[in-house]
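Below: one structure, written as structure tokens.
Every read-out reported here was derived from the displayed coordinates using simple, explicitly stated rules and does not represent laboratory data. Predicted, not measured: the structure shown is a model, and the values here were computed from it. No Cβ is skipped: glycine too gets one built from the backbone with ideal geometry, and neighbour counts run over all protein chains shown.
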Amino acid sequence: MPSSVLHGSFRLVVAIALVGASTCVNQARVIADETTQWLQLIEQSKSELDANRLPSAEETEADVVASMDAAEAFFQRVTDPSNHDAWMKFLDFGPLRSAIENNESVAKRGNAAVELSQRLSGPEEGLELSRLIALRDSVDRYLAALRYGDPKRGLAVIDRQLTTLSEILSPNEDTEEADGSAPRSLADLSGEEVARIESIVDALAAANQASGLVSRITGRYSSPNLRAFVDGRVISDAITRPVNNPERVNDCLLGTRIIGDARVVGNVTGSLLPSEGNVRLLIRLDGQFSTSTKGYNGPVTLRSSGFGQVYAARQLVITEKRIFAGEPIATASLSTQINQINHPLKLVRKIASKKAAEMKPQAEAISRKKLQDRVLEGFREQTDEASTRTFPDLDAKMSPWLRRLDLPAPVRTIGSTTDAVHVRATMRRPFGLSAPGEAPSLSTVRTASSPGTYPGGYSAAVQVHESILNNTVMKLLAGDTFTPEKLRDLTSSFGIPSDKNDTTDEASATNEEQPESFEVDFSGFRPVYFEARDQTLRIGLRGDRFAQGDRELDRRLEVSAAYRPAITEDGRMMLVRDEEIDLKFPGGRRLTMTQTAIKANIEEGFDKLFPMTLLHREWTLPSTLQLPTLAGRSAKVIGIDAQDGWLTIVVR
């Protein structure tokens, strides 16, 4: 190779490497600059703390008393005495009213308010009433005022929260960056640290402080935390069907009576079109048209045949509520041939043949137009049936439950590409943190048979970000007492079937002595969580108390189980648990002899709580599903991915 070419190639490689390195450096600088701006905002917020903006305990206390009175008056007005009494017994305003009237300590008033707030959130029918939601909001504001209403104590608490936030974002002491030259990247924060940031943001908002910092952080963590995809092939298969439509012909064309048979043979197919905010679908008919007819014109009869192509198409716009149909179009081509002319006289047959040849272009044009009109109207009729279909109002069905449980309403969008239908949803409390960015591309999600998930290779996929639990069940579960039975139901709320009903488990359960039941008081911070990092799914919970029989451990504990994707011999994927669960007792205090004895019981109880495998079963779609191509078919998990806080499950 000439040296000039070699040197030129070398310079090109060096240039590419330098450009790549420059890009990486610039990206790292942008991330570092973002964290640096947050740290500057923290210091600025500390200097701008204002006692005048703290919530007033007197005002919120008066408001909560008025809200309790208004709720009681509401039930007196709209219900009968027995129902009113039942509601008053359930709500039990007495402890909070007594604590307020007797001007008891902040702790006693706070405990009574917390207990009332917990009673106002639950599955009980009626808790979705606007009057009770207003009371719940009033109680929450009162709790914030009790925490931060005292100027000296409230500002000190907020200052400590800001310091904690600064420590989270600053370099770790045990890293090379600990000299303070470079703050941490937001991408390096653990799920635990993001949850702590969310808790601090919630506290700042409740205290009406550091609004600029709150806005910056919540804006950064505002991307959808739930995504779902349906492969375009599934949509196409559900629509595609063969067409074989025979019909009798009885028509009059240019004075000739035409009688015979016609047939259209082809396929109806569907294909997705790019759209955002709705799903666009192109339905089309491609077919071949053939005829075999006999024409009567006086004493002359003609046997003829015809061949042609027909095409029809219509766009459907699918929203969450109904289907809208666009105007259909149709085209047709037709070529006819006279196979035989019948008459006793040769001269008449010759004249008829010449006349037919002269009229053929006009006759074919008329026939083609009639064929096109018939195809258009027939296609319009069939597709009009789809446009009359409406869908259940999901918001109307979900709203009562969301209001009862004090859960945020999901903000969602639907759309389509040429390859898939997608749904993006964000479940986020007013000052909660959702995902910091987009989920991993499906092309990076490994399946049992492929390094990525590609169009045509799957049926559906769902991606769940770990922030979804913090924004939903965290407040509902905080402080509640749960038994193993309730906890097993909770694991199914991840949307993942467990193996608790396996026949082998059932057989062993009958032969082995059942473990003694226990109960756990969930912690106020992050009572349940899942973390999806580095191809490991960790499911865990935190408690402040553990009790089993007459034994009790009154201290904080955290237990979790790690699951990793595994490929089965029959081409599926599932999650397999690490043999040992992780049981920790935060706080640093050593366990007493009695507590150490209870630890073994805790490990045994939670070892049975977390199943050894998840996502290992096939399931069958309902046979009543109104899509014949999908009804009754089985589905299995073929791909599992856990990275950057996202759990992705791929099904075929």
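In straight-distance terms, cross-link reach from K360 covers every one of the lysines whose alpha-carbon lies under 21 Å from its own, apart from those fewer than eight places away in the same chain; here that gives K294, K346, K350, K369, K370. If I fit a long axis through the Cα atoms of helix 81-91 and take the longest principal axis of the Cα atoms of the chain, what angle between them do I get, 0 to 90°, rounded to 10? On a 0 to 90 degree scale, this one is about 70. The Rg/Rh ratio for the stretch 372-415 is 1.36, where Rg is the radius of gyration of the alpha carbons and Rh is the Kirkwood radius. Projected onto planes of every orientation and averaged, the convex hull of the alpha-carbon atoms in the stretch 230-387 covers 10.3 nm². Taking 0.36 nm per residue of sequence separation and removing the Cα-Cα distance, the W619/N297 pair yields an extension gain of 109.4 nm. Helix 57-78 against the longest principal axis of the chain: what's the angle in degrees, Cα atoms only, rounded to the nearest 10? The angle comes out at about 50 degrees. Estimated purely from DSSP H runs of n ≥ 4, each contributing -39500 (n - 2.57), the mean residue ellipticity at 222 nm for the chain is -13500 deg cm²/dmol once divided by its residues. Helix 130-148 and the longest principal axis of the C-alpha atoms of the chain enclose an angle of approximately 40°. Normalised by the residues of the stretch 57-148, what does the relative contact order come to in percent, with Cα pairs under 8 Å and at least six apart? Normalised by residue count, the contact order of the stretch 57-148 is 41 percent.
Counted by Cβ distance under 9 Å from A112, the other residues give a net charge of +1, where Lys and Arg count +1 and Asp and Glu count -1. Alpha-carbon geometry of the chain: the Rg and the Dmax are 35.1, 122 Å, given in that order.
Can you check what the net charge comes to around V64, using other residues whose Cβ is under 12 Å from the Cβ of V64 (Lys, Arg +1; Asp, Glu -1)?
-3
Within the stretch 57-148, the percentage of alpha carbon pairs spaced more than 17 angstrom apart rounds to 44%.
Spin-label pair T536-D373: with each label point 7 Å from Cα along the Cα-Cβ axis, the two points sit 7.3 nm from one another.
Take every pair of alpha-carbon atoms less than 8 Å apart whose residues are at least six positions apart; their mean separation over the length of the chain yields a relative contact order of 11 percent.
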